Amino acid sequence: MHGLMAMSPAQSTKPAADFPDSVESAAIDTLRRAVTFMIGTDTAHDLTQRQLGTLLLVACTPGPHTIRGIAARLDLLKPAVTRAVDVLEAEGLVERKPDPADRRSVLVVPTPAARRFVSAIGGAMQAD
């Protein structure tokens, strides 16, 4: 690697996201509670934290969402997001659609099943 060491996204020297600490903390807490909900229930979707984070971003924030944009928002590498989207697509939770503004790009959009899944997570977390 010509003298350069590979670094994980967590070790990256990139500046932190432009979110206040309280918003970032709330997002992390929500993700933890969602993962805890999924572990404690009999869900048809066995997602990793990265896949769940990708799904929550796509389903809960205004689009359009591209692989590049998701990677930037989650501070992940594009191949990692591509793999997460591959799994979410196989689970029927997202679809790839052509980007009408750029034929070289695709948009990642949530399916109705994703919206139901995210809604169920939210409902279960509110019940706690």
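Quick note: the coordinates plus some simple rules give every number you see, no bench work behind them. Just so it is clear, the model here is predicted, and its values are computed rather than measured. Positions of Cβ are backbone-derived with ideal geometry, glycine not excepted, and every protein chain shown enters the neighbour counts.
Once the C-beta distance of Val109 and Asp29 is scaled by a Förster radius of 25 Å, the resulting FRET efficiency is 0.40 to the nearest 0.05. Averaging the sequence gap over all C-alpha pairs within less than 8 Å and six or more residues apart, then dividing by the number of residues, gives region 46-128 a relative contact order of 31 percent. Within region 46-128, the proportion of C-alpha pairs whose separation exceeds 17 Å stands at 43%.
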